[in-house]
Amino acid sequence: MNDLPAEQTWMILVDLLADLRKKDMEIPSGLNKDIQMAKTTLNFYKVDPTDPERIKEIKRINELLTSTQDTLLTIAGDLGDEYQDEWVEKLKKASLGEQVYKIPDKKPRFVVGAPSAFSMARLTFKEPILEERLHDIAEYHNVIIEFEEDNVIILYGSKENIQKSLKELSTFFNEQIQ
């Protein structure tokens, strides 16, 4: 299941978010957490889309994406109707099941194609890290943290914000050594 419309929508929203940041638009706090949660929940659902517990997550995915979409399109509107319409058109295509972006396989050995205007970093821990511990770091440093596996995370964001996040994440490595 590589071509879910929700995944396409997520990719478009990440790209829009990056573009708005490049244009120095103010992004509400909490939006990174919502977009990160949408991706995490999408990945959870994709593991077994026939599992009734996972099917329940579809509503949550849609709510997170819709909320994020509304916020970002409102901000995009501040840059003009033409700019906003460009993104609305991409989102329409995704909602019709068309592929707007190529979605990489779930477990690539090397992450290719971080969303445009974002840098990325991948960390592998010896032991799994609790997701809750990372949410504060993601929010504080304005990065998106995606779990590839329980002990592997990928960070997306500006180079400066990733560097700050990595400094804070280094304490997790020290905990695992002792």
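Would you please list the contacts, defined by Cβ atoms under 6 Å and residues six or more apart or on different chains, that run from a residue in the range 50-64 that is closer than 23 Å to L91 by Cα to a residue that is surrounded by 10 or more Cβ atoms within 10 Å (Cβ to Cβ) and among the hydroxyl-bearing types (S, T, Y)?
E57/T41; E57/Y45; R60/T41; I61/T41
Quick check, is E98 under 17 Å from M11 (Cβ atoms), assigned to a helix (DSSP H, G or I) and either modelled with pLDDT of 85 or more or aromatic (F, W, Y) (or both)?
When the stated conditions are applied, E98 does not pass them.
Out of all the residues in the range 19-39, which are of a type in the set (S, T, N, Q) and either assigned by TED's automatic domain parsing to the domain that holds V152 or surrounded by 15 or more Cβ atoms within 10 Å (Cβ to Cβ) (or both)?
Result: N32, Q36.
Would you please name the residue that is nearest to T41 (Cα to Cα), looking only at residues in the range 115-149 that are charged (D, E, K, R) and in a strand (DSSP E or B)?
Going through the qualifying residues, I end up with E146.
When you go through (1) crowded, with 20+ Cβ neighbours inside 10 Å; (2) not in a helix (DSSP H, G or I) one by one for V14, which number turns out not to apply?
That leaves (2) as the condition not met.
Which residues, taken from the range 119-133, are out of contact with any Ser or Thr (no Cβ under 8 Å at 6 or more places or on another chain) and at pLDDT below 80?
Scanning the range 119-133 gives F125, K126, E127, P128, I129, L130, E132, R133.
Among the polar types (S, T, N, Q), assigned to a strand (DSSP E or B) and either assigned by TED's automatic domain parsing to the domain that holds P5 or modelled with pLDDT of 80 or more (or both) - does that describe any residue in the range 153-166?
No - not one qualifying residue is present in the range 153-166.
For the range 130-145, name all the residues that are surrounded by fewer than 20 Cβ atoms within 10 Å (Cβ to Cβ) and on the phi < 0 side of the Ramachandran plot.
Those that are surrounded by fewer than 20 Cβ atoms within 10 Å (Cβ to Cβ) and on the phi < 0 side of the Ramachandran plot: L130, E131, E132, R133, H135, D136, I137, E139, Y140.
Considering every residue within the range 101-115, establish whether at least one is touching a Phe, Trp or Tyr at 6+ places or on another chain (Cβ under 8 Å) and at pLDDT below 85.
yes
The values are calculated or read from the model by the stated rules, or taken from the named source; none is laboratory data. The structure displayed is predicted, hence computed values, not measured ones. Cβ: placed from backbone, ideal geometry, glycine included. Neighbour counts: every protein chain shown.
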